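Asker: Have a look at this one.
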Amino acid sequence: MINDKKVLYSGMQATGTLTLGNYLGALKNWVSISDEYECFYGVMDLHSLTIRQEPANFRKNARNLYALYVAAGLDPEKNCLYYQSHVSAHAELGWILDCFTYMGELNRMTQFKDKAAKHADNINAGLYTYPVLMAADILLYQADLVPVGVDQKQHLEICRDIAERFNNLYGEVFTIPEAYIPEAGAKIMSLQEPERKMSKSDENENATVRLLDDTDTVIRKFKRAVTDSGNEVRFSEDKPGVSNLMTIYGCVTGKTMEEIEKEFDGKGYGDFKLAVGECVADELRPLQERYYALLEDKTYIEKCIKENDEKAQYFANKTLRKVQKKVGLTERIR
Ligand code: TRP
């Protein structure tokens with residue numbers, strides 16, 4: 001607990017440009033819960049190094065991600081928005097926790113297997129211990145809650161296992177975090193292959209809507225979205241394309257699936273796709289305006305980064321010192 005509030009921790013990797021899926025599935029919810037909890041949101045740049053990055057591009061992506069957090073509505077005065085790499089405690093606790101994690105546990109991680117298959121030429125040790133660094137992220141802030149998608153559930157489980165193991169050995173050092181399942185929020189699928197999740201790294205640009213796509217691009221991508229046979233706007237498992245578009249429309253407008261079905265009763269897919277495109281473009285426009293204004297105002301962003309880095313360091317170091325002491329590392333002389 002900090003200031004009588006539960007602590008909530010999450011973050012995104014600083015690679016590629018965020019998609020509508022990241023926004024509707026995560027970011028938009030983060031904004032809606034930021035009053036209720038003491039929130040920490042990292043730009044997870046150390047994790048991004050597990051895949052080879054082109055330095056200039058990487059730096060730009062990390063800066064853009066920070067600005068997008070703010071532009072999406074996360075108030076940097078209320079939420080701790082910071083760069084993971086600016087808080088060295090992450091790497092330090094990560095190392096200590098490496099020594100409390102078994103290879104057998106890491107061998108079971110499905111994301112490691114997937115990524116190793118995808119990047120067969122660079123199966124580095126960081127990719128392997130990725131979940132341990134993630135555990136350090138969460139445990140450093142004594143987080144109670146971690147909003148994560150299904151793809152990160154296994155990582156949260158191993159984090160809990162590591163924390164419990166450590167607590168059993170040394171006493172109550174870490175808060176055991178729980179998954180936070182938001183009320184709203186949805187899994188957004190690819191516009192071209194609606195059986196697959198919308199992904200930042202999809203090579204087919206028509207499959208993903210990016211948060212910085214302009215209105216024409218957004219509308220064009222929705223017009224090209226894959227729908228299903230038939231012409232009825234109906235939410236159902238055998239209509240993954242249309243159902244995905246309905247989910248998007250529902251997330252943005254707040255309408256239920258029944259309301260949407262009624263609204264487009266007797267109209268074709270064309271009208272529906274245009275309506276979805278327009279509502280998404282309307283939602284993104286103010287975010288984009290704030291984003292471009294923020295990039296102009298360097299002093300403001302830099303002030304936010306500096307203050308929040310310090311805040312994160314304060315809480316993280318508190319936990320790290322405790323851990324160092326518990327495991328028997330020699331205390332510093334001051
Ligand atoms: N692994 C997460 C992802 O790719 C990002 C992440 C790193 C994270 N550390 C975290 C998410 C801690 C939640 C908590 O989505």
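Asker: Give me the percent relative contact order of region 205-292, please, defined on Cα pairs under 8 angstrom at least 6 residues apart.
Answerer: This gives 38 percent for region 205-292.
Asker: Now a separate question. Quick query: amide H of Glu178 versus all other amide H atoms, modeled in the peptide plane; which residues come in under 5 Å with a sequence gap of 5 or more or a different chain?
Answerer: When sequence neighbours closer than 5 places are left aside, the close amide H contacts are Leu145, Val146.
Asker: Mind checking which of Ser229, Ser34, Ser48 has the largest fluctuation in a GNM of the chain, springs on alpha carbons under 10 Å?
Answerer: Ser229
Asker: Same structure, new question: Tell me which residues come under 5 Å, amide H to amide H, from Met189 once H is placed; ignore anything under 5 positions away on its chain.
Answerer: Met198
Asker: A further question follows. Lys and Arg at +1, Asp and Glu at -1: add these up for the other residues within a Cβ distance under 15 Å of Leu46 and post the number.
Answerer: Working: positive: Arg52, Arg59; negative: Asp45, Glu92, Asp98, Asp137, Asp309.
After counting each charged neighbour, the total is -3.
Asker: Just to confirm a number: summing +1 for Lys and Arg and -1 for Asp and Glu over residues other than Arg220 whose beta-carbon lies under 11 angstrom from that of Arg220, what do you get?
Answerer: 0
Asker: Holding the Cα-Cα limit at 21 Å, pick out from Lys60/Lys306; Lys113/Lys197; Lys200/Lys255; Lys115/Lys197 the pairs that are longer than that.
Answerer: On the way: Lys60/Lys306 18 Å; Lys113/Lys197 18 Å; Lys200/Lys255 26 Å; Lys115/Lys197 16 Å.
Beyond 21 Å between Cα atoms: Lys200/Lys255.
Asker: Most fluctuating residue of Asp121, Asp151, Asp282 in a GNM of the chain with Cα springs under 10 Å: which is it?
Answerer: Of the options given, Asp121 has the highest mean-square fluctuation.
Asker: Right, something else. Starting at the first residue of region 147-157, write each ³J(HN,Hα) from the Karplus equation 6.51 cos²θ - 1.76 cosθ + 1.60 with θ = phi - 60°, in whole Hz, x for Gly and Pro.
Answerer: Result, ordered by residue: x, 9, x, 4, 5, 9, 4, 5, 5, 5, 4 Hz.
Asker: Determine ³J(HN,Hα), in whole Hz, for all residues of region 186-193 in sequence, where each value follows from phi through the Karplus function 6.51 cos²θ - 1.76 cosθ + 1.60 and θ = phi - 60°; x replaces Gly and Pro.
Answerer: For region 186-193, the Karplus-derived couplings read 8, 8, 9, 9, 4, 6, 9, 10 Hz, x marking Gly and Pro.
Asker: Can you tell me which of Asn61, Asn79, Asn124 moves the most in a GNM of the chain? Springs connect C-alpha atoms under 10 Å apart.
Answerer: Asn124
Asker: Sorted by accessible area with a 1.4 angstrom probe, largest first, how do Cys99, Cys159 fall?
Answerer: Sorted by accessible area, descending: Cys99, Cys159.
Asker: Something else: Show the residues, 5+ positions off or on another chain, whose built amide H is closer than 5 Å to the amide H of Val43.
Answerer: Placed amide hydrogens put Tyr82, Tyr83, Gln84 under 5 Å from Val43.
Asker: Where a Cα-Cα gap under 17 Å defines reach, which lysines qualify for Lys267, not counting those fewer than 8 residues away within the same chain?
Answerer: Lys223, Lys239
Asker: Taking only protein heavy atoms into account and a 1.4 Å probe, give the accessible area per residue of the chain in Å². If you can, show how the numbers build up before the last one.
Answerer: Numbers: 16540 Å² over 334 residues.
It amounts to 50 Å² per residue over the chain.
Asker: Taking θ as phi - 60°, what are the ³J(HN,Hα) couplings along region 320-334 by the Karplus curve (6.51, -1.76, 1.60), each to the nearest whole Hz, with x for Gly and Pro?
Answerer: 4, 4, 4, 5, 4, 5, 4, 7, x, 6, 5, 5, 6, 9, 10
Asker: Are there GluC sites (Glu not before Pro) in region 296-334 that DSSP puts in a loop and that have at most 14 other Cβ atoms within 10 Å, and which ones? Each step should come with its number before you reach the end.
Answerer: Values: sites: Glu296, Glu302, Glu307, Glu310, Glu331; in loops: Glu331.
Here the sparse-neighbourhood loop sites are Glu331.
The values are calculated or read from the model by the stated rules, or taken from the named source; none is laboratory data. Since the model is a prediction, treat every value here as computed from it, not as a measurement. Note: ideal-geometry Cβ built from the backbone for every residue, glycine included; neighbour counts use all protein chains shown. Surface accessibility is based on the protein's heavy atoms, side chains included, excluding ligands, DNA and RNA. Shrake-Rupley method; radii C 1.70, N 1.55, O 1.52, S 1.80 Å.
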